[in-house]
1. Take the residues in the range 219-241 that are in the same structural domain as ALA177 (by TED's automatic domain parsing) and touching a Phe, Trp or Tyr at 6+ places or on another chain (Cβ under 9 Å), then tell me which one is farthest from the ligand (Cβ to nearest atom).
2. Right, VAL199: over 23 Å from ASP145 (Cα atoms), assigned to a loop (DSSP other than H, G, I, E, B) and in the same structural domain as ILE122 (by TED's automatic domain parsing) or not?
3. May I ask you to list the residues in the range 136-195 that are of a type in the set (Gly, Ala, Ser), under 25 Å from SER73 (Cβ atoms) and surrounded by fewer than 20 Cβ atoms within 10 Å (Cβ to Cβ)?
4. Can you list the helices (runs of 4 or more DSSP H) found entirely within the range 237-320 that contain at least 3 residues being farther than 19 Å from THR5 by Cα?
5. Kindly check whether there is at least one residue in the range 33-47 that is of a type outside the set (Phe, Trp, Tyr) and touching a Phe, Trp or Tyr at 6+ places or on another chain (Cβ under 8 Å).
6. Could you list all residues from the range 145-188 that are within 12 Å of the ligand (Cβ to nearest atom), in a loop (DSSP other than H, G, I, E, B) and among the aliphatic types (A, V, I, L, M)?
7. Among the residues of the range 74-126 satisfying the criterion of being assigned to a helix (DSSP H, G or I), among the charged types (D, E, K, R) and within 23 Å of the chain's Cα centre (by Cα), which is surrounded by the most Cβ atoms within 10 Å (Cβ to Cβ)?
8. Sort out which residues of the range 211-227 are within 12 Å of the chain's Cα centre (by Cα) and either hydrophobic (A, V, I, L, M, F, W, C) or surrounded by fewer than 18 Cβ atoms within 10 Å (Cβ to Cβ) (or both), and write them in order of number.
Amino acid sequence: MAGYTESPFRRMVREIEPSTILVSELISAEALRRGSEKTLRMVQFHESEKMTFFGKNKAPRGGFGIQLFGSDSDAFVAAAAVVEDLGADFIDLNFGCPSPKIVNSGNGSALLKNPDSAAKMIEKLVASTSLPVTAKMRLGFFSDDNFFSTCKNFESAGISSLAVHGRTTQQKFSGRANWEKIYEVKKLLKIPVIGNGDVDSAESAVEKLGNLDGVMIGRAAIYNPWIFRQCRAAFSGEKIPETPEISERLDFFRKHAELATEQKGEKWAMIELRKHFAHLVRGVSGAASFRDRLIRVETLEQLSEIFDEISRSVHTASDV
Ligand SMILES: Cc1cc2nc3c(=O)[nH]c(=O)nc-3n(C[C@H](O)[C@H](O)[C@H](O)COP(=O)(O)O)c2cc1C
């Protein structure tokens, strides 16, 4: 997710739940082909994010994919070669982004307006790389009329698995995601199909899974990265672990901040972490004042001091 799933956050999620499949932020195939420095920084990942093999049977676990957007097949082929060199586990194509900046240049979900040409692009890309190529799409651009044929088309073009957000581009995030359509398309395809849209707890993941091969979680992971551990437990029939209390959440962000500082430098790390702070202190007494100070934080030391204060205030409140 653009602006959120950078490497430090993904590493933290990997630590929470090793079986999570992680995907990069949105990466421009064209910029990767050009070797843009900013883009090359965005595709950095840590060894721990990659797929591991565990147990006697060496079963694959987790994995990391780089998510590409674009509309030029040569750019996709060139970008795929870079992704392969970097050692990611798979390439994920974006056919879902509704953002005007992306769609107005014919990328993201705009490609759903012409599924035949998107399928040709996929075919060329798949033929050029040894990595699995997955896709994430919406039900359609204006309507879901061509949804089934588009999915069949993408499967024939060589997509290894398909993740579907159960809304059209026009719907953006309004209403509820239509999972019925995703269950229907699963019956028509041989490849794994992953459902997406409005999963906000382990219970809802289990409830929505139906005949699908997995669920994809977006917004809820920003507020609760422990949701992946909770889902794994729920899918295994185990007791669902509680979402951690504030002290563990603060420890998570301390470590997240350290990893982000290592990768981006202190100043940028603090700026990028600000968006996480509003929900971090939700429910803590004095939240507004902590939030006010947190969004101005410039150093790890300042962050740590405020976190210590939050911790003390929570303990004092619970002692009373
Ligand atoms: C801040 C933000 C950034 C997102 N970035 C991407 C992205 O880069 N690629 C993508 O396929 N979807 C992206 N999405 C959409 C989500 O992956 C997901 O399809 C959508 O939020 C619905 O799922 P949810 O209800 O679990 O959030 C983004 C969503 C949000 C809120």
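1. Looking at residues that are in the same structural domain as ALA177 (by TED's automatic domain parsing) and touching a Phe, Trp or Tyr at 6+ places or on another chain (Cβ under 9 Å), I get TRP226.
2. The answer is yes for VAL199.
3. SER149, SER156, GLY158, SER160
4. 246-264, 287-294, 300-319
5. no
6. ALA177 - this is the single residue of the range 145-188 that is within 12 Å of the ligand (Cβ to nearest atom), in a loop (DSSP other than H, G, I, E, B) and among the aliphatic types (A, V, I, L, M).
7. GLU84
8. Once the filter is applied, which keeps residues that are within 12 Å of the chain's Cα centre (by Cα) and either hydrophobic (A, V, I, L, M, F, W, C) or surrounded by fewer than 18 Cβ atoms within 10 Å (Cβ to Cβ) (or both), the range 211-227 yields VAL215, MET216, ILE217, GLY218, ARG219, ALA220, ALA221, ILE222.
The values are calculated or read from the model by the stated rules, or taken from the named source; none is laboratory data. Source: prediction; values computed, not measured. Ideal geometry is used to build each Cβ from the backbone, glycine not excepted, and the neighbour counts take in all protein chains shown.
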